[in-house]
Amino acid sequence: MEDTFKHKGWRMRMCKALREKGITDERVLQAMEAVPRHFFLDAALDAMAYEDRALPILCDQTISQPSTVAMQSQLLNLQPGMKVLEVGTGSGYQTAVLCSMGVKVFTIERQKGLFDKTRKLLDQLHYRANCFLGDGYVGTTGKDYAPFDRIIITCGAPMIPEELMKQLKVGGVMVIPVGEQQQEMLRIEKLGENRGDWKIERFGGCRFVPMLSGKQF
């Protein structure tokens, strides 16, 4: 794998376009300029790696378009050292962006083929994420990692997963696309331990692959 001057130039142009689309968090922009998106794609897609479009990866999944990765990352309002749970590791690109922002990442993927490839790639690229094969709806139940400062869902959930809300700190934030065929991007702040004690903000329509339960071997 090579990260050439050509690729770096494409990333600079990508980040300039992200600024024009309303991304203002400098730490998000710095991370996305640093992370080589083409490493997370098939070599045949190299020339499209920095276009603002979703692209196919293994197991009939997709890598989100850069503007979506940037928006979700910005909505998290991250600070270095935070514990972040990511549901839907996918290609690992969003994971790498989070790692580059100095947070402690715990990420769950349900597709074993994708999980095996992505965990190996993240390790090769020295992104120190804690990777798990499992059911994203369950989160880290049974493991001693919760509560989390932030939770990011990178697939379309039909509803807000209450089990994941239980694993979020009071005062913590979840960023999640909610809906069936078409989703709406939500930012949810947990205000207390009671069910539904949440503040919900809405950030427009989006489209993600569906969030599914269980593990796929």
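Can you find, within segment 37-48, the residue that is surrounded by the fewest Cβ atoms within 10 Å (Cβ to Cβ) among those that are free of Cβ contacts under 8 Å to residues at least 60 places away in the same chain and under 16 Å from the mean Cα position of the chain (by Cα)?
Once the filter is applied, the top-ranked residue is 41.
What are the residues in segment 14-29 that are surrounded by 11 or more Cβ atoms within 10 Å (Cβ to Cβ) and either free of Cβ contacts under 8 Å to residues at least 60 places away in the same chain or outside any helix (DSSP H, G or I) (or both), if any?
14, 15, 16, 17, 18, 19, 21, 23, 25, 29
Just to be sure I understand the filter: pairs with C-beta atoms under 9 Å, separated by 6 or more residues or on different chains, first member in segment 185-205 and free of Cβ contacts under 8 Å to residues at least 12 places away in the same chain, second member among the aliphatic types (A, V, I, L, M) and in a strand (DSSP E or B). Which pairs pass?
197/170; 199/188
If you go through segment 90-104, how many residues are more than 21 Å from residue 38 (Cβ to Cβ) and either in a helix (DSSP H, G or I) or touching a Cys at 6+ places or on another chain (Cβ under 9 Å) (or both)?
0
Residues are listed down the side, and each one gets a yes or a no for (1) among the hydrophobic types (A, V, I, L, M, F, W, C); (2) modelled with pLDDT under 95; (3) within 16 Å of residue 84 (Cβ to Cβ):
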site: 106; (1), (2), (3): yes, no, yes
site: 124; (1), (2), (3): no, no, no
site: 128; (1), (2), (3): no, no, yes
site: 148; (1), (2), (3): yes, no, yes
site: 151; (1), (2), (3): yes, no, yes
site: 194; (1), (2), (3): no, yes, no
site: 203; (1), (2), (3): yes, no, no
site: 213; (1), (2), (3): no, yes, no
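Suppose we keep only residues that are surrounded by fewer than 23 Cβ atoms within 10 Å (Cβ to Cβ), in contact (Cβ under 8 Å) with a residue 60 or more places away in the chain and within 13 Å of residue 41 (Cβ to Cβ) within segment 56-72. Which one would you say is nearest to the chain's Cα centre (by Cα)?
62
Would you check if residue 1 is surrounded by fewer than 14 Cβ atoms within 10 Å (Cβ to Cβ), modelled with pLDDT of 95 or more and more than 15 Å from the chain's Cα centre (by Cα)?
Considered against the rule, which asks whether it is surrounded by fewer than 14 Cβ atoms within 10 Å (Cβ to Cβ), modelled with pLDDT of 95 or more and more than 15 Å from the chain's Cα centre (by Cα), residue 1 comes out as no.
The values are calculated or read from the model by the stated rules, or taken from the named source; none is laboratory data. Values in this document were obtained by computation on a predicted structure and should not be read as measured data. Note that we place each Cβ from the backbone using ideal geometry, even for glycine, and neighbour counts take in every protein chain shown.
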